[in-house]
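What follows draws every value from the coordinates through simple rules; no lab data is involved. These numbers come from a predicted model, not from an experiment. Here the Cβ positions follow ideal geometry from the backbone for every residue, glycine too, while neighbour counts run over all protein chains shown.
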Amino acid sequence: MAGRDSRSIHVLSETERKSVIELVEQASREAAVLTAPRNKAALRRNAPTVLLGVMVRAGEGMVDATGDVIEAADEITDALEERLPGGIVVNRAFDIALVPGKFGVRVARSVLKVGGQGPVGPNSE
């Protein structure tokens, strides 16, 4: 190998290249076997936290979508009130019907915020 750049695999013969590749593959397998117990323990320790984070983000998305649907329904009934005779009755009925949903969205947002995003209260939304 005199005169060759020993830092590049491209200057090696085909036999030397295969030997280097085999050594790298063997070292990779050995490293995987040696680190597997440590990785397994770390995964066991951290998986619940990671999973909880994913679930909270998904929950926030669902709560936001539900809030958007409730808000859209409220806007539709407001428009009905303005355009239809007796629309005020329809609007008030829907306002009353939407109260549990609005309350549920507020509660869900509060529960999701408890994870460390600051104070939770009536004015924290």
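Fewest to most neighbouring Cβ within 10 Å: what's the order for Lys18, Lys102?
Lowest to highest Cβ neighbour count: Lys18, Lys102.
Here the Karplus relation 6.51 cos²θ - 1.76 cosθ + 1.60, evaluated at θ = phi - 60°, turns the backbone of the range 94-107 into coupling constants of 5, 4, 5, 5, 7, 4, x, x, 4, 5, x, 5, 4, 4 Hz, with x for every Gly and Pro. With neighbours defined as other Cβ atoms within 10 Å of a residue's Cβ, the residues Asp78, Asp68 order from fewest to most as Asp68, Asp78. Each residue of the range 20-33 was assigned a 3J(HN,Hα) from its phi angle through the Karplus expression (A = 6.51, B = -1.76, C = 1.60, θ = phi - 60°), giving 5, 4, 4, 5, 5, 4, 5, 5, 5, 5, 5, 5, 5, 5 Hz with x at Gly and Pro.
A straight Cα-to-Cα reach below 24 Å connects Lys102 with the lysines Lys113, residues fewer than 8 places away in its own chain not being considered.
A dipole drawn for the range 9-113 from +1 and -1 charges on Cβ atoms has a positive end, and of Pro85, Ala36, Val63 the residue lying farthest that way is Ala36.
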